[in-house]
Amino acid sequence: MNETHTLSMEVNMKRRDFVRIVAAGLGGVTASSLWPAMAQVSGPATADVAKIYQLQAAFHQAKTAQDIELMMSLWDRNATLKVQADPKSPYVGEEQLRVYWLNSGSFKNRRFSLVPSFKTRIAVRDNDASLYFECHDIADYDQPTRHIINDTFLAGTLRNVGGKWEFYDMSAGSATPLSLDHYYA
């Protein structure tokens, strides 16, 4: 496998760490051999995609750490969350979203929230974007009894407000059975 192909695979596998990987990969690789890998991640849409991946990572960190302030900082003040099979849904605005998250399984129980990154879908259109990802929550994650307790998806529209991507009009629901290639929204 040549160095350009190897670097390209690393960039695709660790999108959030792109700058660090490229800087580390520059040793011994000529600029001309890097050009194809860099072309795949250049331009304004790529910077937005990277920020959206950071938003998704922060979402899972907020769930795992049960950090309600972090979670709320990821949502537009007027956001909507529609939860399938939830008679109280939709949740609209900061107050209702805060109540929803504080009463969710992720905030009432210790869980480790994981995402199969290869299933994440992002499409950027100016200051709006569509996003799909799945959450697979592990209960008792630091114990031998750990197990998957919840499988859900989150999908919908994001807004870019002053350079910051936020959840805006989202839907959530079950992501079962687990599937390599099925998308639930």
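No lab work stands behind these numbers, since they all come straight from the coordinates. It should be emphasised that the depicted structure is a prediction, and the values quoted were computed from it without experimental measurement. Ideal geometry is used to build each Cβ from the backbone, glycine not excepted, and the neighbour counts take in all protein chains shown.
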Among Leu178, Leu97, which comes first, then next, by fewest other beta-carbon atoms within 10 Å? Leu178, Leu97
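Take Thr120, Thr176 and order them by how many other Cβ atoms sit within 10 Å, fewest up front. Mind dumping the intermediate values first?
Numbers: Thr120 16, Thr176 13.
Least to most surrounded, the residues fall as Thr176, Thr120.
Net charge near Ser174, counting Lys/Arg +1 and Asp/Glu -1 over other residues with Cβ under 14 Å of its Cβ? Spell out each step's value before the answer.
Working: positive: Lys82; negative: Asp86, Glu134, Asp137, Asp151.
So the environment of Ser174 carries a net charge of -3.
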For Glu94, Glu69, what's the fewest-to-most ordering of other Cβ within 10 Å of each Cβ? Glu69, Glu94
Residues of the stretch 104-132 with amide N under 13 Å of the 7 Å Cα→Cβ point at Gln143: 109-112
Taking θ as phi - 60°, what are the ³J(HN,Hα) couplings along the stretch 145-159 by the Karplus curve (6.51, -1.76, 1.60), each to the nearest whole Hz, with x for Gly and Pro? 8, 4, 7, 6, 10, 7, 10, 9, 10, 10, 8, x, 9, 9, 10
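Would you mind classifying the stretch 115-165 by shape? Square roots of the alpha carbon gyration tensor eigenvalues, ordered a ≥ b ≥ c; an a/c under 1.5 is rounded, otherwise it is prolate if a/b is larger than b/c and oblate if not. Mind dumping the intermediate values first?
On the way: a/c = 3.85, a/b = 2.77, b/c = 1.39.
Prolate shape, in that a/c is at least 1.5 and a/b is the bigger ratio.
What does the charge count near Ser73 come to, summing +1 for each Lys or Arg and -1 for each Asp or Glu among other residues with Cβ under 12 Å from its Cβ? Working shown, then result.
Working: positive: Arg77, Arg98, Lys164; negative: Asp67, Glu69, Asp76, Glu94, Glu166.
Residues near Ser73 contribute -2 overall.
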